[in-house]
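The structure appears below as structure tokens.
The values are calculated or read from the model by the stated rules, or taken from the named source; none is laboratory data. These figures come from a predicted structure and were not determined experimentally. As a convention, Cβ positions derive from the backbone with ideal geometry for all residues, glycine included, and neighbour counts pool all protein chains shown.
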Amino acid sequence: MSKENELKEILDAAKEKIKDAIDDASLNELRSFYTGKKSPLTEILKTLATASIEEKKIIGSLANETKQKIEAFLQERRLELQNAIIEKKLRSEKIDVTLPSKKIKVGSIHPLTKTIEEVEDIFIGMGYTIAEGPEVETDLYNFEMLNVPKGHPARDMQDSFYITENLLLRTQTSPMQVRTMLKLKGEPVKILAPGKTYRRDDDDATHSHQFMQFEGLVVDKNITMSDLKGTLNLFVQKMFGDSLKVRFKPSYFPFTEPSVEVDVSCFKCGGVGCNMCKQSGWIEILGAGMVHPNVLKGAGYDPEVYQGFAFGIGIERAAMLRHGIDDIRNFYLNDDRLLNQFKGEN
Ligand code: DAH
């Protein structure tokens, strides 16, 4: 067979094989098989050493051309294979943007958190700072320094979870009065202390063994009962609406003197009388009073110089009234049907 024919056969065979190559590795093998040191092509080139000049010229250039063509076939197939891989990947990663999306459940701010934030905003607007303290409290701060010594009958009103003889889960946020005054050492006080409180009550529609309160305390020179009334009037109007009436009734708390209970005209009936206000037209929302001289003295404030007022608000109660929720336990059940009603109201 002539060398021209041999070269043509090599080229044809290479072309066929390269066309069928399935990956880079087989292409590399074919490359060394057809163009490497031991390839038929190289063998032909070697025989040229003894050939005539004429033959060297013709067969030499034909061999080079064959080699270049084989390289071109290899390169072409390599690109084809690469494109096929990319195609396959694109096909497998294709996203159908018309498919409906999976529904993600979006949470909402809990009605109690919402109420806390609203009340805090109102008092921060009046210049109060927020104070927080421990839920495990000493008997000293929870009772004794609030003018409720051991054996005092007022302790019966707040059945307590004792941890040791002198440690308990706080029954009220009022110990924050003592803590704040001891910390400020005779400086004026204006704080709002929100937090969890605990009592050994049986859970029912209006009682929970764990609930939340706000404690407010203002201590300064020349503080009078009218400051307390003005403050609470403003709070009620901002929180529950301008049209509500507020009334102060004499009451008793050991740590305030005089003490009051604050009622607002019924949200539901406007004061005419209904089941919500037990036909009285009024709803009790908080306890308050002028800080008892014993409490001031005990915390290092001279009652001859300083006066103060304090108030305590039940957070659940405020939220129940505000949103017409009739069972305190609803706050702790995490039932979507209640929580979803507060969505978007943030
Ligand atoms: N600590 C009282 C309670 O839990 C509420 C209270 C009443 C707080 C009068 C006060 C206050 O600061 O002055 O029943």
Exercise for review: Could you check, for region 193-202, whether at least one of its residues is more than 23 Å from Thr138 (Cα to Cα), at pLDDT below 95 and not in a strand (DSSP E or B)?
Suggested key: yes
Check your understanding: What is the number of the single condition among (1) more than 60 Å from the chain's Cα centre (by Cα); (2) surrounded by 12 or more Cβ atoms within 10 Å (Cβ to Cβ) that Ser52 does not meet?
Key -> (2)
Study note, to complete from the structure: Of Gln279, Gln237, the only residue that is more than 16 Å from the ligand (Cβ to nearest atom), modelled with pLDDT of 90 or more and under 15 Å from Ile313 (Cβ atoms) is Gln237
Practice item. Identify all residues within region 178-225 that are free of Cβ contacts under 8 Å to residues at least 60 places away in the same chain and in contact with a Leu (Cβ under 7 Å, 6 or more places away or on another chain); write none if there are none. Key: Thr180
Point to revise | Pairs with Cβ under 7 Å, 6+ apart, first in region 288-309 and in contact (Cβ under 8 Å) with a residue 12 or more places away in the chain, second acidic (Asp, Glu) and within 15 Å of the ligand (Cβ to nearest atom) | key: Gly289/Glu257; Met290/Glu257; His292/Glu257; Phe309/Asp227
Practice item. Answer yes if at least one residue in region 250-261 is in contact with a Lys or Arg (Cβ under 9 Å, 6 or more places away or on another chain), away from the ligand (no atom under 12 Å from the Cβ) and within 27 Å of Pro153 (Cβ to Cβ), and no otherwise. Key: no
Exercise for review: Scan region 284-308 residue by residue and report those that are among the aliphatic types (A, V, I, L, M), out of contact with any strand residue (DSSP E or B) (no Cβ under 6 Å at 6 or more places or on another chain) and surrounded by 15 or more Cβ atoms within 10 Å (Cβ to Cβ).
Suggested key: Val295, Leu296, Ala299
**Study point:** Count - residues of region 237-261 that are more than 16 Å from Asp227 (Cα to Cα), small (Gly, Ala, Ser) and in a strand (DSSP E or B)
**Key:** 1
Revision key, fill the gap. Taking region 11-35 and keeping only residues that are in contact with a helix residue (DSSP H, G or I) (Cβ under 6 Å, 6 or more places away or on another chain) and of a type outside the set (Gly, Ala, Ser), one is left with Leu11, Lys15, Lys17, Ile18, Leu27, Leu30, Arg31, Tyr34, Thr35
Review point. Can Leu62 be described as over 60 Å from the mean Cα position of the chain (by Cα), surrounded by 15 or more Cβ atoms within 10 Å (Cβ to Cβ), in contact (Cβ under 8 Å) with a residue 24 or more places away in the chain and under 16 Å from Glu9 (Cβ atoms)?
Key: yes
Check your understanding: Can you name the residue in region 213-234 that is within 11 Å of the ligand (Cβ to nearest atom) and in a strand (DSSP E or B) and is also farthest from the chain's Cα centre (by Cα) among such residues?
Key -> Val218
Exercise for review: Considering each residue of region 324-346, count those that are touching a helix residue (DSSP H, G or I) at 6+ places or on another chain (Cβ under 6 Å) and surrounded by fewer than 20 Cβ atoms within 10 Å (Cβ to Cβ), and give that number.
Suggested key: 4
**Study point:** Filter result for Glu261 (in contact with a strand residue (DSSP E or B) (Cβ under 7 Å, 6 or more places away or on another chain), closer than 30 Å to Gly107 by Cα, at pLDDT 90 or above and of a type in the set (D, E, K, R))
**Key:** no
Exercise for review: Scan Tyr141, Tyr198 and give me the residue that is crowded, with 20+ Cβ neighbours inside 10 Å, more than 19 Å from Phe311 (Cβ to Cβ) and within 13 Å of the ligand (Cβ to nearest atom).
Suggested key: Tyr198
Revision key, fill the gap. The one condition Met145 fails out of (1) modelled with pLDDT of 95 or more; (2) touching a helix residue (DSSP H, G or I) at 6+ places or on another chain (Cβ under 7 Å); (3) within 30 Å of His323 (Cα to Cα); (4) not β-branched (Val, Ile, Thr) is (3)
Exercise for review: Could you check how many residues of region 232-272 are buried (at least 18 other Cβ atoms within 10 Å of the Cβ) and of a type in the set (S, T, N, Q)?
Suggested key: 3
Review point. In region 146-172, which residues are assigned to a helix (DSSP H, G or I) and either away from the ligand (no atom under 13 Å from the Cβ) or on the phi > 0 side of the Ramachandran plot (or both)?
Key: Pro153
